[in-house]
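Below is one structure; the comments refer to it alone.
The values are calculated or read from the model by the stated rules, or taken from the named source; none is laboratory data. Values in this document were obtained by computation on a predicted structure and should not be read as measured data. Positions of Cβ are backbone-derived with ideal geometry, glycine not excepted, and every protein chain shown enters the neighbour counts. Ligands, DNA and RNA are stripped out before the accessible areas are found, and what is left, the full protein with its side chains, is counted by its heavy atoms. Shrake-Rupley method; radii C 1.70, N 1.55, O 1.52, S 1.80 Å.
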Amino acid sequence: MSRDRSFPTVGGLLRVAGIVLAASVTLLSPVAAEGGYLATVQDATRLLSQGQIAEARRAFQRAREADMNDALAAVGLGYALDVEGKAAEARGELELALKLDGQGRACRWAHALVALNNARLDEAIQHLEAIRKEGAPTPELWVALAYARCASGDYAGAREALDAAGRPDQLGTATRSMASLVRGAVAYATGDYARAVEVLRDAARHLPANTYFDNVPSRRTPLLPEARTSRREALALVSASSLGPAVRTRSGVVRLHLDPFRFPGASYAFFLVDGKTVHGTNAPPFRYDWDTRRVRNGYHKVVVRAEDSMGEVLGQTEEVFLIHNEGVTFPPAYPEEEYTRADEALSRAMILQPDVMATRYLLGLALKHMGRVDEAAAELEQVMAHDPDYGRARQELRSIYAAGAGSRLRSVSSVPISARKVAITFDDGPHPLYTPPLLDLLERYQARCTMFLVGSQAESHPEIVREIAEKGHEVANHTYSHPNLRTLDPRGIERELLRGRSVLQRISGKKIRLFRPPGGNADRTVEEIAAGYGLTTVYWDLFDSWLQRYDEATVLQKLLGGIKPGSIVLLHNGSNKTAPILEPFFEELTRQGYQLVTVSELLAEAAPGIQPPTEVEEAPELRDEEPAAPAAPETAPAHARADARPEGRAAAP
């Protein structure tokens, strides 16, 4: 409302009184139904049911801004934050929801799920049983209850709850995956490994497409004691809502005042609640006793504004209070039927998120118990690729590979044979520009090669990986993200090797037994870890990285001059510099009677008991952007034995 700046003091008081009276009527009237708020909650709920957690969280945040004092937005926001691993923020929102409306079904259901996700098993069971006893329990409730009972060791109770949930084919995809996981855990815990494999395979098949290894918080109560990470996770010490931890809770009458030291020239003080003026005075000490029972429970923003004698604003202070008065009720802010539908929809959208890690881990253990070690290794590698500290995955996987360690080479750079065979290897693929033409060229020369592929690139171009395997070439591991392995700790090395292999095996359908460290950056630790997981580290005795220093003709001359039976040649498929020398190189090798084979085929030619050499020459990294400068031939870098250089091999891409 505008002010007439010429009013005298008495007139100013009358004006203040008028403003306050109008504002009081507004505050005492019921909150108007805001279709926009419920519509936003419904949009967020739909996103949640589709598994779009981040998008749902943002939508719930918008709903919270539209109405700070309704529980539904706080419930949905708290659940989404918990799924994203933000436990402290989630707990703050859910505590707020309890204060706003602790009786809503969605609120109590969310608290049960979040308690289960945060290892508060007794609290979760208490919430779940209370909801069940109200009647009409949903399949999602029965599955969550089965999970909680299994986690507490009540396997009979878990089976009973799963039976009540209904037939698997009548459940939603995510709920079916969780139900099968619980069935598998019960079967595994009771020694029925064949049944465990059967239902855990079903759990894996029904994992939703948007379910990832990091969807489930590591702090969730484990189904079985061992099905969890042994890595300690930092715990949040403070729970706070989105308005921050400093919000004070108040009830009854709260005294508000203008700070005279901050505004020494103040003649008027106005007190505003949620943007509406509720009191004004020109009488020091500028106080107001605010009856919080006249507003709804929830967040309320209080502003104390100072003005001088002419009505000019000197400044203001702001604070948000959380008002909670027991037994105080107001008329519904929203149509009851519409609100009930929104509450029920939100309850259905919140589920116990499928657990990829527990599914793969228990499946791997059950397969190992049945003697199906190759299948067990594939499952356990997927677990270790994301968390090497999960359960007994490391010990179980190492024990599988230890069985064949005696016949496996630790590392190789060439193979001493008399047959005119050489292994051509390519690093850094698959590449959408360079790999398809290379495959065509190899086919023309009836050549097979070994391709050391990067896992992350394989995920981006799976069709190229499948074509490589279908054409008879060997797929090998070049890590997942192409890091310098010497800069990683053992856990990081494990993740890179196993995640790379897991991705390549899944896409190609082939067993991956060979590994090459990016840049040749390996030391004893890298080789030992690789050997411990059944990988032979493959180096080279010839390479194309001379292209960084010499022209193409010189490099081709050096390659052909150094070739010998059993050579392992390092070439690159992630660079356009190698392409011009490939055809003349293959042409001359063919003319000389060499057969181009894979590394595994070359190793099969070695005489029993003969250990191939592990020497390797330095190979500088090959980059597209640096042109190859003509230069006179120089002496090749000195050989360096792998076992004489524990700090690492020289760089190659």
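Suppose we keep only residues that are buried (at least 20 other Cβ atoms within 10 Å of the Cβ) and of a type in the set (Ser, Thr, Tyr) within segment 569-607. Which one would you say is nearest to residue 443 (Cα to Cα)?
It comes out as 598.
Which count do you get for residues in segment 411-425 that are open to solvent by 30 Å² or more (accessible area, probe 1.4 Å) and either touching a strand residue (DSSP E or B) at 6+ places or on another chain (Cβ under 6 Å) or among the aromatic types (Phe, Trp, Tyr) (or both)?
Result for segment 411-425: 1.
For segment 354-372, give me the residue count where each residue is among the hydrophobic types (A, V, I, L, M, F, W, C), out of contact with any Leu (no Cβ under 7 Å at 6 or more places or on another chain) and surrounded by 16 or more Cβ atoms within 10 Å (Cβ to Cβ). Give the steps one after another, and end with the answer.
Going residue by residue through segment 354-372, those that are among the hydrophobic types (A, V, I, L, M, F, W, C) are 356-358, 362-363, 365-367, 370.
If we keep only those that are out of contact with any Leu (no Cβ under 7 Å at 6 or more places or on another chain) as well, we get 357, 365, 367, 370.
Now narrow it down to the ones that are surrounded by 16 or more Cβ atoms within 10 Å (Cβ to Cβ): 357, 365, 367.
Here the count works out to 3.
Taking segment 527-568 only, how many residues are part of a loop (DSSP other than H, G, I, E, B), surrounded by fewer than 21 Cβ atoms within 10 Å (Cβ to Cβ) and among the charged types (D, E, K, R)?
Looking only at that region, the number is 3.
Output the residues belonging to segment 574-593 that are in a loop (DSSP other than H, G, I, E, B) and modelled with pLDDT of 90 or more. Can you show your working first?
In the first step, residues of segment 574-593 are kept if they are in a loop (DSSP other than H, G, I, E, B); the result is 574-578, 592-593.
Listed by number, the residues that qualify are 592, 593.
For the subset of segment 417-465 comprising residues that are aromatic (Phe, Trp, Tyr) and closer than 17 Å to residue 580 by Cα, which member is farthest from the chain's Cα centre (by Cα)? Walk me through how you get there before you give the answer.
Start the filter on segment 417-465 by keeping residues that are aromatic (Phe, Trp, Tyr), which leaves 426, 434, 445, 452.
So of that shortlist, the ones also closer than 17 Å to residue 580 by Cα come out as 426, 434, 445.
Values: 426: 31, 434: 31, 445: 44 Å.
Among residues in segment 417-465 that are aromatic (Phe, Trp, Tyr) and closer than 17 Å to residue 580 by Cα, the one farthest from the chain's Cα centre (by Cα) is 445.
Taking segment 301-319, which residues are among the aliphatic types (A, V, I, L, M) and buried (at least 16 other Cβ atoms within 10 Å of the Cβ)? So that I can check it myself, show each step before the final result.
Residues of segment 301-319 among the aliphatic types (A, V, I, L, M): 302-304, 306, 310, 313-314.
Across segment 301-319, the qualifying residues are 302, 303, 304, 306, 314.
Could you grab me the full set of residues in segment 213-228 that are open to solvent by 80 Å² or more (accessible area, probe 1.4 Å) and at pLDDT below 90?
Going through segment 213-228, the residues open to solvent by 80 Å² or more (accessible area, probe 1.4 Å) turn out to be 214, 225, 228.
214, 228 - these are the residues of segment 213-228 that are open to solvent by 80 Å² or more (accessible area, probe 1.4 Å) and at pLDDT below 90.
Please find, within segment 373-410, the residue that is farthest from residue 506 (Cα to Cα) out of those that are open to solvent by less than 20 Å² (accessible area, probe 1.4 Å) and of a type in the set (Gly, Ala, Ser).
393
Within segment 322-339, does at least one residue satisfy the condition of being buried (at least 22 other Cβ atoms within 10 Å of the Cβ) and not polar (S, T, N, Q)?
Just the residues of segment 322-339 that are buried (at least 22 other Cβ atoms within 10 Å of the Cβ), to begin with: 323.
The next check asks that each one be not polar (S, T, N, Q); those that pass are 323.
Yes, because at least one residue in segment 322-339 is buried (at least 22 other Cβ atoms within 10 Å of the Cβ) and not polar (S, T, N, Q).
Specify the residue that is surrounded by the most Cβ atoms within 10 Å (Cβ to Cβ); the eligible residues are those in segment 143-190 that are of a type outside the set (Ser, Thr, Tyr) and not in a helix (DSSP H, G or I). Explain how you work it out, then say what you get.
Step one: of segment 143-190, the residues of a type outside the set (Ser, Thr, Tyr) are 143-146, 148-151, 153-154, 156-172, 174, 176, 178-179, 181-187, 189.
Right, trim to not in a helix (DSSP H, G or I) and you get 153-154, 166-167, 171-172.
Values: 153: 11, 154: 16, 166: 16, 167: 10, 171: 20, 172: 17.
Residue satisfying both the conditions and the ranking: 171.
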